[in-house]
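Okay, so here's the structure we're looking at.
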Amino acid sequence: MEVNVDSRIMDFMIQDMRSSPEKDAMYTAAVELAEEIMEGIGRLERSGTVETATLYITQTGAQLNILTCSYDDVPLDRMFASSLRRSSYDADTGYIQTYVIPILASEESAPDESK
């Protein structure tokens, strides 16, 4: 497992949990897709703020986990409603929402469409 720190400022952390982490094609594609998603979120008008975002890369794929804080229980945007996994309320901070966005699936974990 490896946590990468990039010298450029990024909108998310990267945790490569593969047994042999490396900056290969999967890593590069996952980072590029996560950057596009975070740029898209930055352009949305929303009432919540992104507190943290972490890109997890595993042997079977990658996913972007986003934690937001908001004073209403409305998803970031309707297109993110299906990725909302948890919403909890705290009187001091408001709603804490957790989004899990699948980024990539490796060939061995992808469903076989030939069946």
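The values are calculated or read from the model by the stated rules, or taken from the named source; none is laboratory data. Predicted model only: the values in this text are computed from it and were never measured. Here Cβ is always computed from backbone atoms with ideal geometry, including for glycine, and neighbour counts include all displayed protein chains. Quick note on the areas: whole protein, heavy atoms, side chains included, nothing else; ligands and nucleic acids left out. Shrake-Rupley method; radii C 1.70, N 1.55, O 1.52, S 1.80 Å.
Structure data summary
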item: Some residue of the stretch 15-26 being at pLDDT below 90, surrounded by 13 or more Cβ atoms within 10 Å (Cβ to Cβ) and farther than 26 Å from Ile96 by Cα; result: yes
item: Residues located in the stretch 3-14, provided they are at pLDDT below 90 and either part of a strand (DSSP E or B) or of a type outside the set (S, T, N, Q) (or both); result: Val3, Asn4, Val5, Asp6, Arg8, Ile9, Met10, Asp11
item: Tally, over the stretch 27-57, of residues that are more than 16 Å from Ile103 (Cβ to Cβ) and outside any strand (DSSP E or B); result: 7
item: Residue that is on the phi > 0 side of the Ramachandran plot, within 14 Å of the chain's Cα centre (by Cα) and not hydrophobic (A, V, I, L, M, F, W, C), where the choices are Gly42, Gly61; result: Gly61
item: When residues of the stretch 58-93 are limited to those that are part of a strand (DSSP E or B) and at pLDDT below 90, the one most open to solvent (accessible area, probe 1.4 Å); result: Asp90
